[in-house]
Amino acid sequence: MVKVPQPGAIGIFVDIGLSLGGFVDVLLLPEESEAWPVEGTVADFEIWWADSRQQIRLKPSDARYLRNDFTDFLERWRPSWSSDVGQPVRDPGPPTLDELQAALL
């Protein structure tokens, strides 16, 4: 089930039935927040990554809730995604200001 704290701002929280929460970053969601799942929506998600943070990062499985240019985004930001599946992921730490600005372009 989805909880949307600030549509268009940070992303959405997803109840995944564990003590850790699930989160979908705004960068993976459609640009228009009106296309995001509304609070209470039940949908499928994939694990995008898990690290030392107290939440599991998710990617929408349903294309309606995924950014329109996901394939291009994936090539730019995570080109080894398919070979990463099932492998441990390095904790990237907080993003730098340059990384945040580049992601918004």
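Here, each number is a calculation from the coordinates, and none is a lab measurement. All values reported here derive from a predicted model rather than from experimental measurement. Positions of Cβ are generated from backbone atoms using ideal geometry, with glycine treated the same way; all protein chains shown enter the neighbour counts.
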Less than 17 Å from a label point 7 Å out along the Cα-to-Cβ axis of residue 73: which backbone N atoms in the range 33-48 qualify, by residue? 33-38, 44-48
Whole-Hz ³J(HN,Hα) for each residue in the range 54-62, computed from phi via Karplus 6.51 cos²θ - 1.76 cosθ + 1.60 with θ = phi - 60°, x for glycine and proline: what do you get? 8, 7, 9, 7, 10, 10, x, 7, 7
For the range 26-80, what's the radius of gyration and Dmax over Cα atoms, in angstrom? 11.8, 33
I need the peptides 25-31, 40-46, 60-66 ranked by packing, meaning the mean over residues of other C-beta atoms within 10 angstrom, with the highest value on top. 25-31, 60-66, 40-46
If amide H atoms are modeled at 1.01 Å from N in the peptide plane, then the residues at a separation of 5 or more from residue 67, or on another chain, having amide H under 5 Å from its own are 29
Contour minus end-to-end for residue 100 and residue 46, with contour as 0.36 nm per residue of separation and end-to-end as the Cα-Cα distance? 17.1 nm
Go ahead and run the numbers for FRET between residue 18 and residue 62, Cβ-Cβ distance against an R0 of 22 Å, rounding to 0.05. 0.60
In square nanometres and to one decimal, what's the mean projected area of the convex hull around the Cα atoms of the range 17-58? 3.4
Under the Karplus relation with 6.51, -1.76 and 1.60 and θ = phi - 60°, whole-Hz ³J(HN,Hα) for the range 65-78, x at Gly and Pro, equal 9, 10, 3, 5, 9, 4, 4, 5, 4, 4, 4, 6, 9, 8
